[in-house]
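Worksheet: one structure, shown below.
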Amino acid sequence: MDYSATQSGFRQRKLQPSMRLRNSSVDGSDGSQLFEDTSGAGPGSQGQAGPQAAGFSGQAFLSDPMSNLAMAYGSSLASQGREMVDKNLDRFIPISKLKYYFAVDTVYVGKKLGLLVFPYMHKNWEVSYQQDTPVAPRFDVNAPDLYIPTMSFITYVLVAGLALGTQNRFSPELLGVQASSALVWLIMEVLAVLLSLYLVTVNTDLTTIDLLAFSGYKYVGMIVGVVAGLLFGRPAYYLSLLWCCAAIFVFMIRTLRLKLLSEAAAEGKLVRGARNQLRMYLTMSIAAAQPVFMYWLTYHLIR
């Protein structure tokens, strides 16, 4: 027996099992596995099945008669709710009427400001109508508007802040107090006029917005007085404010007498009587209150 051949054969038999193990581990991937690997197919299969399932459910939802009925009922209910909100909002805040009071242009604003400061030469104070409807303010200088009162109120607050700043008294809190006090006095004035009209039982076409517009015109004279006082001193403030107070008094008298004394104005003469006297006193009281508010809200701004 050859010893070398025997040793080599032993080595071959010893290496063959290890080679078989290696080959089995390599070839095992092609063979059967104990657990099936589904990690690679999972996302793809879900991504393919998702749209199909969603489309199927959407088609089933749309094809369901009860779903269509519920959608129709929901849309009709939403439209009814919107109409109810619009109706109640227009009841308390007449949006359509507010558009009329802001229908102005540059020519109207210039003429109206001139009328507020120089009302003595104006002759015709009647508001023009077209088919029982007053024309827009840009076509009639006698028509009330809310643009000038709103802008003059904002300008008055800014001028008041400027006046306080020149006196080293400016602060945001004080400016807020100035604006809120002016607004509160305006609201109280309008409410007092409405209460007076109710107690006197005056049959007039004056609305709350008209009273708000007429009461807001006094801010124009207040701005003129404060600016004159800032530029030329306290005597200029008193002179300009006195002129503007007289102008707003004349403006209110000639404007409101056609509204509060409409029955007598239609006849062309003043009908004597207790009711007409009350109307005249009410007109003069409203006009006389404007200079009082103008001085009360501006005297502390000039020192």
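Solvent-accessible area of LYS111, all protein chains in place: 130 Å² (probe radius 1.4 Å, heavy atoms, ligands and nucleic acids excluded).
For THR201, THR207, give the ranking by accessible area with the largest first, probe 1.4 Å.
Per-residue accessible area, sorted high to low, gives THR201, THR207.
The Rg/Rh ratio for region 191-239, using Cα coordinates for both the radius of gyration and the Kirkwood hydrodynamic radius, is 1.26. Rg and Dmax of region 160-303, both derived from C-alpha coordinates alone, stand at 17.6, 58 Å.
The values are calculated or read from the model by the stated rules, or taken from the named source; none is laboratory data. The shown structure was predicted, so the numbers you read here are calculated from the model rather than taken from an experiment. Heavy atoms of the whole protein, side chains included, go into the accessibility calculation; ligands, DNA and RNA do not. Shrake-Rupley method; radii C 1.70, N 1.55, O 1.52, S 1.80 Å.
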